[in-house]
Amino acid sequence: MTVSSPTRTSLASCPYPFVHELDTWPWLERLGAEAGHTIDLATVPENEWDAIAAAGFDAVWLMGVWQRSPAGVALALANPSLVASFEAALPGYRADDVVGSPYCIRDYVVDERLGGASGLAVARDALARRGVGLVLDFVPNHVAPDHPWTVQFPDRFVTGTPDDLRNEASSFVEIAGRVLANGKDPFFPAWPDVVQLNAFSPGLRAAVIDTLRGIADQCDGVRCDMAMLVMNDTFARTWGTRAGERPDDDYWPVVIGAVRASHPDFRFIAEAYWDLEWALQQQGFDYCYDKRLYDRLLHDAPEQVHLHLLADVGYQGKLMRFLENHDEPRAASLLSPAREKAVAVATLTQAGARLVHEGQAEGWKVHLPVFLDRFPVEATDGDLAAFYGRLFAALRDPTFRHGRWRLCERSGWPGNDTFENLLAWCWDGEHRWLVIVNLGDGPASGHVRAPWDDLRGRTWPLVDPTNDQTFERSGDEMCDGLYVELEPWHWHLLRAETQPVER
């Protein structure tokens with residue numbers, strides 16, 4: 001492809017972006033193994049960036065570029081359960097394969113072993129020339145025990161006493177003669193490899209704003225790890241009086257507002273759980289994880305998915321939908337190939353941001369612990385990869401980024417309740433698309449109504465590029481109730497052609 005001069009890509013100009021998550025360290029290691037020499041962010045082959053752009057991604061999330069903690073590595077290697085997970089994912093792993101958790105950050109400086117800040121700048125320009133944005137990580141709740149702040153600015157942390165250290169050794173740590181709390185959330189024991197930032201500290205909030213402005217100089221957006229932990233209500237429930245006086249203003253409106261003052265197009269993505277997505281959207285986040293949809297697609301009846309999609313479109317448009325990310329098991333390890341295809345269509349054709357994890361399209365099955373620097377060798381599932389290729393090609397239509405999404409009504413008839421396994425929605429934009437998916441393990445049939453009254457009175461071609469099918473249906477039928485019959489885990493991804501069939 002022809003590469004133009006560098007430009008800056010604004011994710012703000014794409015309401016519903018497609019984001020590709022790359023596990024940066026093992027991704028670079030894999031590229032180096034294929035090339036026969038070391039590759040860092042500055043030397044990624046051009047064809048790798050070309051392939052990402054050609055697949056239609058609007059942004060790349062380079063997960064794990066910041067300096068990782070040597071102290072965290074030592075703690076990981078001393079943890080029997082983590083060591084067992086390393087061996088299970090990467091049999092015969094070596095100690096030097098354990099490079100540390102990307103969420104145990106020693107400093108917000110690009111690791112020199114990945115190419116440093118200059119290498120990241122080269123990678124960002126390579127993406128920008130292809131119209132692709134860059135997303136990096138930010139961890140608001142905690143830092144590594146050897147982060148400079150733990151010695152220089154202990155007032156930015158939740159602190160303890162010598163008695164706490166004696167009585168709760170798994171929840172507190174001594175650093176430079178001071179007792180600091182280990183990071184935690186309100187439902188689980190403390191994490192031993194990180195220390196807890198105090199979200200109520202004015203000094204911490206000011207430092208976070210400076211940190212995020214520095215990050216915003218290097219990328220187009222951040223994915224904020226466990227973003228709900230520093231909300232005032234959550235933080236007060238977790239830490240009580242240890243946190244000190246609760247501020248009048250919540251954490252995220254203060255932080256996001258200050259960063260946007262200098263970087264107005266910078267995007268914020270929240271890893272969010274506990275039904276706090278709406279609250280985080282109101283506090284300034286552009287997108288929040290839709291873990292609820294993920295769980296319902298994998299574990300609930302299709303009708304529960306339909307009910308989930310009845311939510312206000314303005315809310316749904318600020319969710320991030322996914323079938324995989326680095327925290328979840330590999331989809332191919334959980335689902336049959338047929339079911340994964342149907343769930344992928346259902347996930348990636350929703351409104352909001354859509355996330356695709358490295359290796360998902362290839363059918364990889366090993367969930368790699370984030371501490372490791374290389375992937376195991378896995379064969380590519382050729383059939384699954386071909387399916388994702390066809391799906392990505394269809395989803396390149398700008399309609400899925402800028403169009404209007406609407407849920408469609410579906411119904412059955414007496415004696416037929418299989419229609420409840422059919423889910424349907426449509427998109428209006430540069431083209432019109434009608435998406436119908438059977439999320440059941442048996443055949444399903446019913447009527448689907450598209451809100452396209454202006455198509456009445458004529459016959460229209462409906463083209464499904466993912467299944468190489470073409471149908472002709474009247475506009476009246478589509479509006480009054482299009483008859484649909486689908487085998488288990490099958491779908492229609494139908495593009496209504498712009499010209500009706502001439503008779």
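In segment 166-186, what residues are of a type outside the set (F, W, Y) and either touching a Cys at 6+ places or on another chain (Cβ under 6 Å) or not in a loop (DSSP other than H, G, I, E, B) (or both)?
If we filter segment 166-186 for residues that are of a type outside the set (F, W, Y), which is where we start, we get 166-171, 173-186.
Residues satisfying the conditions are R166, N167, V173, E174, I175, R178, V179, L180, A181, N182.
Could you check how many residues of segment 330-351 are under 16 Å from E21 (Cα atoms) and outside any helix (DSSP H, G or I)? Please lay out each step first, then the result.
At the first step, the residues of segment 330-351 found to be under 16 Å from E21 (Cα atoms) are 330-331, 344, 347-348.
Then drop every residue that is not outside any helix (DSSP H, G or I), which leaves 330.
So the count comes out to 1.
Quick one: how many residues across segment 452-480 are within 29 Å of G389 (Cα to Cα) and open to solvent by 10 Å² or more (accessible area, probe 1.4 Å)?
The number of residues fulfilling the criteria is 11.
Which one of the conditions (1) open to solvent by 40 Å² or more (accessible area, probe 1.4 Å); (2) part of a strand (DSSP E or B) does D163 fail to meet, given that it meets all the rest?
(2)
Just one of P91, P80, P102, P140 is open to solvent by 10 Å² or more (accessible area, probe 1.4 Å) and within 28 Å of S170 (Cα to Cα); which is it?
Values: P91 fails: within 28 Å of S170 (Cα to Cα); P102 fails: open to solvent by 10 Å² or more (accessible area, probe 1.4 Å); P140 fails: open to solvent by 10 Å² or more (accessible area, probe 1.4 Å).
So the residue among P91, P80, P102, P140 that is open to solvent by 10 Å² or more (accessible area, probe 1.4 Å) and within 28 Å of S170 (Cα to Cα) is P80.
Report, by residue number, each residue of segment 173-227 that is surrounded by 19 or more Cβ atoms within 10 Å (Cβ to Cβ), among the aromatic types (F, W, Y) and closer than 23 Å to R68 by Cβ.
W191
Please determine whether any residue of segment 294-307 is free of Cβ contacts under 8 Å to residues at least 60 places away in the same chain, in a helix (DSSP H, G or I), touching a helix residue (DSSP H, G or I) at 6+ places or on another chain (Cβ under 9 Å) and of a type in the set (S, T, Y).
For segment 294-307, residues free of Cβ contacts under 8 Å to residues at least 60 places away in the same chain, in a helix (DSSP H, G or I), touching a helix residue (DSSP H, G or I) at 6+ places or on another chain (Cβ under 9 Å) and of a type in the set (S, T, Y): present.
Could you say whether any residue in segment 313-328 is surrounded by 15 or more Cβ atoms within 10 Å (Cβ to Cβ), in contact (Cβ under 8 Å) with a residue 60 or more places away in the chain and among the small types (G, A, S)?
There is at least one residue in segment 313-328 that is surrounded by 15 or more Cβ atoms within 10 Å (Cβ to Cβ), in contact (Cβ under 8 Å) with a residue 60 or more places away in the chain and among the small types (G, A, S).
So A243 passes all but one of these: (1) under 21 Å from L180 (Cβ atoms); (2) small (G, A, S); (3) open to solvent by 30 Å² or more (accessible area, probe 1.4 Å). Which condition number does it fail?
Only one criterion in (1) under 21 Å from L180 (Cβ atoms); (2) small (G, A, S); (3) open to solvent by 30 Å² or more (accessible area, probe 1.4 Å) is unmet by A243, namely (3).
Confirm whether R8 is closer than 18 Å to I215 by Cα, modelled with pLDDT under 95, out of contact with any Pro (no Cβ under 6 Å at 6 or more places or on another chain) and not hydroxyl-bearing (S, T, Y).
On the way: closer than 18 Å to I215 by Cα: yes; modelled with pLDDT under 95: yes; out of contact with any Pro (no Cβ under 6 Å at 6 or more places or on another chain): yes; not hydroxyl-bearing (S, T, Y): yes.
For R8, the condition - closer than 18 Å to I215 by Cα, modelled with pLDDT under 95, out of contact with any Pro (no Cβ under 6 Å at 6 or more places or on another chain) and not hydroxyl-bearing (S, T, Y) - is met.
If you check L309 against the conditions, is it touching a strand residue (DSSP E or B) at 6+ places or on another chain (Cβ under 7 Å) and open to solvent by less than 20 Å² (accessible area, probe 1.4 Å)?
Values: touching a strand residue (DSSP E or B) at 6+ places or on another chain (Cβ under 7 Å): yes; open to solvent by less than 20 Å² (accessible area, probe 1.4 Å): yes.
Spelling it out, L309 is indeed touching a strand residue (DSSP E or B) at 6+ places or on another chain (Cβ under 7 Å) and open to solvent by less than 20 Å² (accessible area, probe 1.4 Å).
Do we find a residue being in contact with a strand residue (DSSP E or B) (Cβ under 7 Å, 6 or more places away or on another chain) and either over 30 Å from S81 (Cα atoms) or without any contact (Cβ under 8 Å) to a residue 60 or more places away in the chain (or both) anywhere in segment 353-366?
Going residue by residue through segment 353-366, those that are in contact with a strand residue (DSSP E or B) (Cβ under 7 Å, 6 or more places away or on another chain) are 353-358.
Subset that is either over 30 Å from S81 (Cα atoms) or without any contact (Cβ under 8 Å) to a residue 60 or more places away in the chain (or both): 353-354.
Yes, that holds for at least one residue.
The values are calculated or read from the model by the stated rules, or taken from the named source; none is laboratory data. All of these numbers come straight from a predicted model, not from anything done at the bench. Neighbour counts run over all protein chains shown; Cβ positions are idealised from the backbone, glycine included. All accessible areas refer to the heavy atoms of the entire protein, side chains included, with ligands and DNA or RNA removed. Shrake-Rupley method; radii C 1.70, N 1.55, O 1.52, S 1.80 Å.
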